[in-house]
Amino acid sequence: MTTKQTSQLSSLKKSVAPYEKNDRNASIRQLINTLGPLVLLWGGAYFSLSVSYWLTLLLAIPAAGFVIRTFIIFHDCTHGSFFKNRRANDIIGTITGVLTLVPYRQWKHSHSIHHASSSNLDKRGIGDIWIMTVDEYEAASSWKRLYYRIYRNPLVMFGLGPIAVFMIQYRFNAKGARRKERMNTYLTNVSIAALYGLLIWAIGWQAFIMVQLPIAFVSGFLGIWLFYVQHQFEDSYFENESEWSYVMAAVEGSSYYKLPKLLQWITGNIGFHHVHHLSPKVPNYNLEKAHNATPPLQKATTITLSTSLKALHFRLWDEENKCFISFKEVKSRLSKPKVAGEVLQVHKTRLQGE
């Protein structure tokens, strides 16, 4: 990258700085218009059990949407962007973490690593989705390839993923976690158990499961999908440490997920993911403003609901061609060296015979 390009990209970060200022009133309004509907929809889903379980499942969908919106508040708190006061962010972040089943300090730590290393091929493995390069896949054993293919299967990633991540993984501390992080995870787990225990006492375990399980599953599915699609699009950006750029990773390695206005509101503007990665301090309610006020950011890779489905076929990063490819594409590539090797072996045999 030339000095001029580096200067231009760095100026982008400065251009969104004015939007990093949070608005306490806006944050409070968002808490009200998020947690209020979530409680009402959860209650409505419970009372609908006496009418029809299909109605309960129908109400679980918008309820899951508000769980996602709650998670966006949690997410902003981990970046210290929802409130100016750190303690306020910590308190609201921990509470919303209980509601979304995510321990605040654990996720804050891993997510900060994700932002610091997103799209860096030499720093994968923490706070991201497992991505192998074509070369790594070619060099892997048959068992590792099979494991990776199972992991990347949509039914596994989006079907079992919500259970594995939100209900199991986040209940345990990472190895080497600091005391503050460990204690917050324990607090989150105890709080979840207390909240769920109270609800089970109030409405019974069967009703609780019939209401909470579909809401938790749908919101978990949507959360993993959003995280997946915003970094895994065909012409994304991945580089090794020596060539990696924070600004390039934000602008070219994160997409602009252009959603219908209602879905954009429900998901807390997280579709403007390129803006968020460029400056995590911008609160979610300012992301669109920063995008609209910065013309270069409007040139970010744009995906829609329909075009985002293509991401389901992206499995491996092709370092040579700088794009994602499918298993089908890599299969044809793997067969070519084998054929070339056979021709070379025949040629050697003929030379030895002569």
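The values are calculated or read from the model by the stated rules, or taken from the named source; none is laboratory data. This is a predicted model, so every value here is computed, not measured. Here the Cβ is made from the backbone with ideal geometry for all residues, glycine too, and neighbour counts use every protein chain on show. For accessibility, only protein heavy atoms count, side chains too; no ligands or nucleic acids. Shrake-Rupley method; radii C 1.70, N 1.55, O 1.52, S 1.80 Å.
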Do you know the relative contact order of the chain, to the nearest whole percent, from alpha carbon pairs under 8 angstrom that are 6+ apart?
23 percent
Based on Cβ point charges of +1 for Lys and Arg and -1 for Asp and Glu, what charge dipole magnitude is obtained for the stretch 179-296 about its Cα centre, in debye rounded to the nearest 20?
680 debye
Angle between the Cα long axis of helix 142-152 and the longest principal axis of the chain, 0 to 90 degrees, nearest 10?
40 degrees
Relative to the longest principal axis of the chain, what angle (0 to 90°, nearest 10) does the C-alpha long axis of helix 104-117 take?
30 degrees
Sorting L198, Y256, W107 by the position of each Cα along the dipole of the stretch 1-325 (Lys, Arg +1; Asp, Glu -1; all at Cβ), the one nearest the positive end of that ordering is L198
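For a distance above 17 Å, tell me the whole-number percent of Cα pairs in the stretch 72-127 that qualify.
37 percent
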Gain in span if fully extended, T302 to A17, counting 0.36 nm per residue against the direct Cα distance
100.4 nm
Probe 1.4 Å, heavy atoms of protein chains only: per residue, the accessible area of the chain in Å² is 54 Å²
From zero up to wherever the largest Cα-Cα distance of the stretch 272-319 sits, split into 10 Å bins and tell me the percent of pairs in each.
23, 40, 30, 7
Apply the Debye scattering formula to the chain, with a single equal point scatterer on each alpha-carbon and no solvent, then give log10 I(q)/I(0) at q = 0.07, 0.14 Å⁻¹.
-0.35, -1.25
Which angle from 0 to 90°, rounded to the nearest 10, does the C-alpha axis of helix 53-78 make with the longest principal axis of the chain?
80 degrees
Using label points projected 7 Å from each Cα along Cα→Cβ, tell me how many nm separate V190 and I150, to one decimal.
3.7 nm
Given a Förster distance of 45 angstrom, what is the FRET efficiency for Q206 paired with W265, based on the Cβ-Cβ distance and rounded to 0.05?
0.85
Just by accessible area at a 1.4 angstrom probe, what is the order of I203, I215 from largest to smallest?
I203, I215
Only Lys, Arg, Asp and Glu count, each charged at its Cβ (+1, +1, -1, -1), so figure out the dipole size of the stretch 1-325 about its Cα centre, rounded to 20 debye.
1040 debye
Stretchable slack from K180 to M167, in nm (0.36 nm times residue separation minus alpha-carbon distance)
2.6 nm
